[in-house]
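Beneath this line is the structure, given in structure tokens, with notes to follow.
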Amino acid sequence: MIRRFFILCSGADTGILESCSSGEQNKYAGIGATVFFTAVMAFIAASYALYTVFDNLYTAIFFGLIWGLLIFNLDRFIVSTIKKRDSFKSEFLQATPRIILAVIIAVVISKPLEMKIFEKEINQVLLEQKNELTLANKAQIARQYTPVVANLNEDITSLKNEINIKEAETNALYDTYISEAEGRAGTMLLGKGPVYKEKREKHDAALLELRQLKEANALKIADKESQIAALNKEYSLAVEDSQPVIDGFDGLMARINALGELSWFPSFFIFLLFLAIETSPIIVKLLAPKGPYDLKLEDEESAVETWVMQKVQQRQKILATDTLLNEKIYGEIAEEEAVYTYKKQKAEELLRLQADTFHDLQIKSL
């Protein structure tokens, strides 16, 4: 039962193969098994690759099954259409397009399986790439907010410096009127005279201005700090909103590129393995000598070809004979006097009718 199924997978003519030896049947069963298991590997590879695209198991399995059936049909067609000839060169030329197609199929099958085999290493590469993208994304978004925040911080520093300058002036006025009261400067007279009162009034006026300046600048500083806080919050939200895009950077193309970052040596030998599996049925057909199945198949095909050629030649002979007979018959008819007289009579009648009709039309038009 299993051998019959694998023979069916090989694309061989079961009617002819059943009349061959058991060894010949086993050979084609082995070719069919290779075709079948290659399709199974294609199904697994496509399902995994599509799962990375759709993130849905059932969708990936459905389209993976379709892809596996397509590869199965292609391989079966490739193997079944290679015919054994008497010349290896002609067989190789016949198989060359099929070998090229087998190489393409091997690449398509091997890549998704390589991604699964090296999944951990690919995840590490993707993690590093995601971290780099995150840092680059934060720097790119920060370029939109940093100049504004820097200008606000400069404004805050300027407001604080304005307070410090005013405070320094007020302190200087305080030292001046204290020194005047103690007799250490100014009039050098101890006590609170008119000069002391004048300097004290200047200090008090400056102190009042300082308090008013602190209150006004405090409001301005609080407003600018609230703007900075709003900008920082907006920056954090922008980073947070864009992070899912970076976190989702693990699609099929990203994984293929990450696979390319790894060492090529193991990946290359996995490709060679699938290439050997994919081309093995073709190589077996090329290298194997003509077996009983090939001879019987060639005999059956040549019999059909001969029968078709005979039918075509017979039709050509019938056509040539019929043409000669028609020429001879019509030639003899053309030489008979009775036929000539009858044709002449009918032609004269036709000419008279045409003349009468033309005459009637001319009269009506007058």
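Regarding Gly11, is this residue under 31 Å from the mean Cα position of the chain (by Cα) and of a type in the set (Gly, Ala, Ser)? Steps first, please.
Values: under 31 Å from the mean Cα position of the chain (by Cα): no; of a type in the set (Gly, Ala, Ser): yes.
Criteria not met by Gly11.
Restricted to the stretch 45-92, and to residues that are of a type in the set (Asp, Glu) and within 30 Å of Pro289 (Cα to Cα), which residue is surrounded by the fewest Cβ atoms within 10 Å (Cβ to Cβ)? The qualifying residue surrounded by the fewest Cβ atoms within 10 Å (Cβ to Cβ) is Asp86. All of (1) exposed (fewer than 12 other Cβ atoms within 10 Å of the Cβ); (2) over 30 Å from Glu128 (Cα atoms) hold for Lys220 with one exception: (1).
Here is the figure for the stretch 1-44: residues that are under 17 Å from Pro289 (Cβ atoms) and of a type in the set (A, V, I, L, M) total 3. For Val35, the requirement of being surrounded by fewer than 18 Cβ atoms within 10 Å (Cβ to Cβ), assigned to a helix (DSSP H, G or I) and either touching a residue at least 12 places away in the same chain (Cβ under 8 Å) or among the aromatic types (Phe, Trp, Tyr) (or both) is not met. All conditions in (1) over 30 Å from Ser22 (Cα atoms); (2) modelled with pLDDT under 80; (3) of a type outside the set (Gly, Ala, Ser) hold for Thr279, with the sole exception of (1).
Across the stretch 17-74, the number of residues qualifying as among the polar types (S, T, N, Q) and over 21 Å from the mean Cα position of the chain (by Cα) comes to 8. With respect to the conditions (1) in a helix (DSSP H, G or I); (2) charged (D, E, K, R); (3) at pLDDT below 75, Lys83 falls short on a single one, namely (1).
The values are calculated or read from the model by the stated rules, or taken from the named source; none is laboratory data. The model shown is predicted, which means the values in this text are computed figures rather than measured ones. Neighbour counts are summed over all protein chains in view; Cβ atoms, including those assigned to glycine, are modelled from backbone coordinates with ideal geometry.
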